1. Output the residues belonging to the stretch 24-59 that are more than 16 Å from E8 (Cβ to Cβ), more than 11 Å from the chain's Cα centre (by Cα), modelled with pLDDT under 90 and of a type in the set (S, T, N, Q).
2. Please identify the pairs in which a residue from the stretch 39-55 that is free of Cβ contacts under 8 Å to residues at least 40 places away in the same chain has its Cβ atom under 9 Å from the Cβ atom of a residue that is open to solvent by 70 Å² or more (accessible area, probe 1.4 Å) and part of a loop (DSSP other than H, G, I, E, B), counting only partners at least 6 apart or on another chain.
Amino acid sequence: MSDDPFHEAVEALRAIGLYVEPTGDDLSLWLVNGEEMTDTGLMKLAALLGLVPGSAIIQ
């Protein structure tokens, strides 16, 4: 496993069949199954799906 939590979240989301790619040179924006989201949104999605550890409260 990587020490990079974003890399882990991306790999976990891909493992369940989602299309996940950076939108371009800005690595804080991601395309997830056709929807653009920030790196924070990506982490929240992975945590809500139980793929990565997340805080008890996701805002």
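1. Answer for the stretch 24-59, where residues must be more than 16 Å from E8 (Cβ to Cβ), more than 11 Å from the chain's Cα centre (by Cα), modelled with pLDDT under 90 and of a type in the set (S, T, N, Q): just Q59.
2. Note: pairs meeting the criteria are D39/L27; K44/Q59; A47/P53; A47/S55; L49/I16.
The values are calculated or read from the model by the stated rules, or taken from the named source; none is laboratory data. The model shown is predicted, which means the values in this text are computed figures rather than measured ones. Reconstructed Cβ throughout: ideal geometry from the backbone, glycine too, with neighbour counts over all protein chains shown. The protein model used for the area step is the full one, side chains on, heavy atoms only, and it has no ligands, DNA or RNA in it. Shrake-Rupley method; radii C 1.70, N 1.55, O 1.52, S 1.80 Å.
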